[in-house]
Amino acid sequence: MLGFGKKKVSEANGMNGMHSGMSASDLATFQKVLHDKTGIVLTDSKRALVESRVTQRLRALKMNSYGVYLQYLQEDQSGEEMVQLIDVISTNITKFFREPDHFELLDSSLENWASQGMKHVRIWSAACSTGEEPYTLAMTVHKHVLKHRLDLKILATDISTRVLAHAKAGVYDEDRLVTIPDPLKNKYFRAQPGQGGPKYAVSEQLKKMVMFHRLNFTVFPYPIKGMFDVIFCRNAMIYFDRDLRTRMVREFARLLKPGGILMIGHSETLMGLDNLYRTIKPSVYLRLNDGVDG
């Protein structure tokens, strides 16, 4: 997921030779730019985080003021610097088998669908972060793929190029695997030497099930072909304003098959969209048969 955490001690050490302190006007400009480009709402309480993370880009570019950087950012026609800024601003909080009841429901739903003759299944991990969620999805469904000979693919998207690179590599520190049951860990991961201790690589059979792409939730319609049976968008919408959340949920409905399932974070809810979804249980919604144009 795309989220924001507490600033690290190393980030609070000041600007070391640069003008210290972000002005209120500079903060407001960064807030607006990031909201316009990503939909993320950064309140004034996030000043220290914004200042420390933006400072990383100033250092990388050898600039000495926020104003100079803002001008550079706004004049960059390639958009590459905006990608770099998003990467340093975002903190991704995730783990394997997070909110496990969602994967249990997916497991039972897939068995039911396969028993009814379904052969083609498409799943979307819409805020995939460093890959723990889509690879958990792959571990959950792989047995059904083998048992029922399913044509099953998982799309995994995120706005951050940095986390997508990590996800595509599929290599994790040992402590990241503590929430994976041992039988699955032994089956789907292989140990390999790494700096600071052993690393664990995702098996190729899982990697082949997942396609990673960059996606910005604020750019509509989403450039995605086909329809999904299941969409996971968990613990991402809490960082967006109400208008963007509503547009996202409508776009998910457009891309979900009737009878498909949308799963969101346990701290999130869908409000005022009863014509699109029916609540199965908190954080789990069934796509209804009508109510969405296109």
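The table for this structure:
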{"quantity": "Least to most buried among 209, 237 (fewest other Cβ within 10 Å first)", "calculated": "209, 237"}
{"quantity": "Crossing angle, helix 24-38 versus the chain [Cα axis fit, 0-90 degrees, rounded to tens]", "calculated": "30"}
{"quantity": "Least to most buried among 148, 102, 213 (fewest other Cβ within 10 Å first)", "calculated": "213, 148, 102"}
{"quantity": "Rounded to the nearest 20 debye, dipole of the range 135-294 from Cβ charges on Lys, Arg, Asp, Glu", "calculated": "460"}
{"quantity": "Ranked list, fewest to most other Cβ atoms within 10 Å of each Cβ, for 75, 133", "calculated": "75, 133"}
{"quantity": "D (Stokes-Einstein, µm²/s), Kirkwood Cα radius, the chain, 1.567 mPa s at 4 °C", "calculated": "63"}
{"quantity": "Lysines with Cα under 22 Å of residue 185, excluding same-chain neighbours fewer than 8 positions away", "calculated": "95, 143, 147, 153, 168, 199, 207, 208"}
{"quantity": "Total charge dipole magnitude, the chain, about the Cα centre, Cβ charges on Lys, Arg, Asp, Glu only, Debye to nearest 20", "calculated": "580"}
{"quantity": "Charge dipole (the range 9-89, unit charges on Cβ, about Cα centre) - positive-most of 70, 48, 88", "calculated": "48"}
{"quantity": "Selection from 264, 230, 177 lying farthest towards where the dipole of the range 100-287 points positive, charges on Cβ", "calculated": "230"}
{"quantity": "DSSP beta bridges in the chain [antiparallel fraction, %, rounded to 5]", "calculated": "45"}
{"quantity": "For the range 9-89, size of Cβ-based charge dipole, Lys and Arg +1, Asp and Glu -1, in debye", "calculated": "180"}
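Read the figures in this text as sums done on the coordinates, not as results from a lab. Only a predicted model underlies this, so the values are computations on that prediction, with no experimental measurement involved. Here the Cβ is made from the backbone with ideal geometry for all residues, glycine too, and neighbour counts use every protein chain on show.
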